[in-house]
Amino acid sequence: MSDEVRLSTEALHKLGTTFEMRAEELSRQLGAFRRRADADALRDGFGSDEAARPHRELFDEAERALAQLQRRLAEVGGGIKETVANTQAAEDELVEIMRSVK
């Protein structure tokens, strides 16, 4: 097994962009979810606040989890893009060092 690592900065950048796009999409869908499943809609659907309470609690928990997922996707996408920028900068620096040695 080789200790060599090959990295496609273009592929990584695309991956980072995909994570960020999915985070934005999830954010939009979370907004739509909030509008459709608000407390009034749940109460109306179950007939009373008391009957809707367990479902509202699940809704709130799901909403928090989706918001955390959205933030995490954005963080991962940004982290990947930062890695790409650092890798590209290191490659560029290495090229300059090699040129100066010739």
Inset, instruction - Go over the candidates Glu24, Glu82, Glu20 one by one and state the one that is modelled with pLDDT of 90 or more, under 30 Å from Val5 (Cα atoms) and open to solvent by 90 Å² or more (accessible area, probe 1.4 Å). - result: Glu82
Inset, instruction - Would you be able to tell me the number of residues in segment 38-75 that are without any contact (Cβ under 8 Å) to a residue 24 or more places away in the chain, polar (S, T, N, Q), open to solvent by less than 80 Å² (accessible area, probe 1.4 Å) and assigned to a helix (DSSP H, G or I)? - result: 0
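The values are calculated or read from the model by the stated rules, or taken from the named source; none is laboratory data. A quick note: this is a predicted structure, and the numbers were derived from the prediction, not measured. No Cβ is skipped: glycine too gets one built from the backbone with ideal geometry, and neighbour counts run over all protein chains shown. Calculation scope for accessible area: heavy atoms of the full protein, side chains included, ligands and nucleic acids excluded. Shrake-Rupley method; radii C 1.70, N 1.55, O 1.52, S 1.80 Å.
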